[in-house]
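The values are calculated or read from the model by the stated rules, or taken from the named source; none is laboratory data. These figures come from a predicted structure and were not determined experimentally. Backbone-built Cβ (ideal geometry, glycine too); neighbour counts: all protein chains shown. Side chains are part of the model used for accessible areas, which takes the heavy atoms of the whole protein and leaves out ligands, DNA and RNA. Shrake-Rupley method; radii C 1.70, N 1.55, O 1.52, S 1.80 Å.
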Amino acid sequence: MPHASESEGAIETRGLEPVPDGERTGHVRELFPTWVAANISVLLLTMGAGLIVFNGLNIWQVLVVGVTAPVVSYGLVGLISLAGKRGGAPGMALSRAVFGQRGNLLPGSLIWVARWGWETINAVTGAYALLTVLDLLFDIEPNTALIVVTLVLFVAATFLVSGLGINALRVCSKWSTYLFGGFSVLVLGHLVANTDWPAVLARPAGSTAMLIAGIGTIAAGGISWVPSGPDFTRYLPRTASGRAVVGSTVGGAGIVVLPMVLMGAVMAVATPDLASAQDPVSFIGELLPAWISVPYLLIALVGMLLINSMSMYSAGFTAQTLGIDVPRAWAVSVNAAISLVFGFLLMVVATSFIGSFISFLTLLAVAFSAWIGVFGADMLRGRAYDAEALMDTGRSSAYWYRGGFAWQAMTAWGVALPVGLLFTKVDWFGGPLAGSWIGRNGLGWAVTIVVAAALYAVLPRTAGPVAAEPSEDTAEEPVRTTVSI
């Protein structure tokens, strides 16, 4: 039986194993700063600028995007997070109950690889922020050697925080939320006082297709967090309010996404180059006075470090589910090394940072959506998460099913993924149906979720453990899960 120190000490030593009820000391209120921290990225400013420049939207349409995108994407994060408080395990460990012990390796591998790209993007943005601060304070021009140093420093700090575990993430998220919120108010005040508002308000409206596509682009970042949602709720007691979990998740994300996207859109009216800057962070540094830009970028740097730390924290669990038999903290090191290599290539070799970023987000949303559809439909059916079966990867596991695969889940996932790609278009890839209404509106990810969920729902149910509500004497036994909130 794991000791309380595994979760409550300075370093979290618990890995995939489900958290016993007696150690579930988390609070729903801790989710709010967690999801604030997950969105503290200046890239949201660039994406907001892109809604004006590339999508041709006006400020009122950007407002609709800024409200709708986090509600849709982080609503999914919050709903899937409910599995964490019920099963007490990370998302990709719970996924074993749905796909089978061997079957889970396929979506798990895809999600793990996708995290390489997400962490690379964040590492590059963090390095750009550090380079910009050095330039603003000391007039130090970036060069290849300095790029490598800043990238290594950022990834090393990320590895340290994510390696420490959940408590370190909670503390850092709390204080970065306060600091980032305060300086965001200063930036907002500067923009209000110095913006040509008649020009902003006079912009004509864009098409509905571009509005819907904009929602999908901004929502893609949130969708990438859906499989990680249970990782941050597994320490919550089973009695924690589901509505509060979803509300805190959506609220924490929305309070950052909306103003950041709007600020980026306002900036783009006067400086449209922001939407396509190779180094968007230094561009932002030029738009603001030094007394605001330097502390703002430093705080944003902390935020981006937290985003990467949260991603690597979850990636460590995913690596363990794939059979990398090392402690969680060391499993994180694999992703850290990969993000260093890919980050260097993106900063030194790639010609279009923001283009690569948007393309990656689009494909990422489709890749994660196939898993979301199947896992979400399984929650709707009612799933009893058996702690012993989750950890038993052999033939004796209740989640071995047929040869280690749950064929219904694998079929739904395997069909939905290519169907979604048919409707998807990025800079270097275009599905044959990308010119359809669905494709033009950027809804490939939504089609993926619907196809995966619908197909899984109509296929015969995979047999698995079913348990009644626990009594006081069996409080650590698996509980039937539902999606009631």
### Task
Could you please let me know if ALA69 is part of a helix (DSSP H, G or I), open to solvent by less than 10 Å² (accessible area, probe 1.4 Å) and aliphatic (A, V, I, L, M)?
yes
### Query
Mind checking which pairs have a first residue in the range 232-249 that is in contact (Cβ under 8 Å) with a residue 40 or more places away in the chain and hydroxyl-bearing (Ser, Thr, Tyr) and a second that is part of a loop (DSSP other than H, G, I, E, B) and surrounded by 18 or more Cβ atoms within 10 Å (Cβ to Cβ), Cβ under 6 Å, 6 or more apart or different chains?
TYR235/VAL19; TYR235/ARG24; TYR235/GLY26
### Task
For the range 122-143, indicate whether the set of residues that are in a helix (DSSP H, G or I), in contact with a Phe, Trp or Tyr (Cβ under 6 Å, 6 or more places away or on another chain) and open to solvent by 10 Å² or more (accessible area, probe 1.4 Å) is non-empty.
no
### Summary
Among GLY373, GLY382, the single one that is of a type outside the set (Phe, Trp, Tyr), within 17 Å of SER81 (Cα to Cα) and at pLDDT below 80 is GLY382
### Message
Criterion first (out of contact with any helix residue (DSSP H, G or I) (no Cβ under 7 Å at 6 or more places or on another chain), touching a residue at least 24 places away in the same chain (Cβ under 8 Å) and not acidic (Asp, Glu)) does ALA275 satisfy it?
### Response
no
### Task
Go through the residues of the range 57-67 one by one and say whether even a single one is under 17 Å from the mean Cα position of the chain (by Cα) and in contact (Cβ under 8 Å) with a residue 12 or more places away in the chain.
yes
### Task
Working only within the range 299-324, note down all residues that are farther than 18 Å from ARG14 by Cβ, assigned to a helix (DSSP H, G or I) and over 15 Å from the mean Cα position of the chain (by Cα).
ILE299, ALA300, LEU301, VAL302
### Query
Are any of the residues in the range 72-85 over 18 Å from the mean Cα position of the chain (by Cα) and among the aliphatic types (A, V, I, L, M)?
no
### Task
Kindly provide the set of residues from the range 160-189 that are within 21 Å of the chain's Cα centre (by Cα) and among the aliphatic types (A, V, I, L, M), ordered by number.
LEU160, VAL161, LEU164, ILE166, ALA168, LEU169, VAL171
### Selection from the range 12-32 of residues that are part of a helix (DSSP H, G or I) and either over 21 Å from the mean Cα position of the chain (by Cα) or modelled with pLDDT under 90 (or both)
ASP21, GLY22, GLU23
### Query
Taking the range 39-54 only, how many residues are farther than 18 Å from ILE255 by Cα and surrounded by fewer than 24 Cβ atoms within 10 Å (Cβ to Cβ)?
2
### Message
Looking only at residues that are crowded, with 24+ Cβ neighbours inside 10 Å and outside any helix (DSSP H, G or I) in the range 90-114, which one is nearest to the chain's Cα centre (by Cα)?
### Response
PRO90
### Query
List, please: which pairs have Cβ atoms under 6 Å, are six or more places apart or on different chains, and start with a residue in the range 378-393 that is touching a residue at least 12 places away in the same chain (Cβ under 8 Å) and end with one that is aromatic (Phe, Trp, Tyr) and open to solvent by less than 40 Å² (accessible area, probe 1.4 Å)?
ALA389/TYR399
### Task
Determine the pairs where a residue that is within 13 Å of ASN122 (Cα to Cα), located within the range 138-161, has a partner that is among the acidic types (Asp, Glu) with Cβ atoms under 8 Å apart, the partner being 6 or more residues away or on another chain.
THR158/GLU119
### Message
Among the residues in the range 152-174, are any farther than 19 Å from ILE307 by Cα and modelled with pLDDT of 80 or more?
### Response
no
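Quick one: which of GLY87, GLY117 is surrounded by 23 or more Cβ atoms within 10 Å (Cβ to Cβ) and of a type in the set (Gly, Ala, Ser)?
GLY87
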### Task
Kindly establish whether LEU76 is open to solvent by 10 Å² or more (accessible area, probe 1.4 Å) and either in a helix (DSSP H, G or I) or not aliphatic (A, V, I, L, M) (or both).
yes
### Query
Only one of (1) open to solvent by less than 30 Å² (accessible area, probe 1.4 Å); (2) farther than 19 Å from VAL72 by Cβ fails for VAL447. Which number is that?
(2)
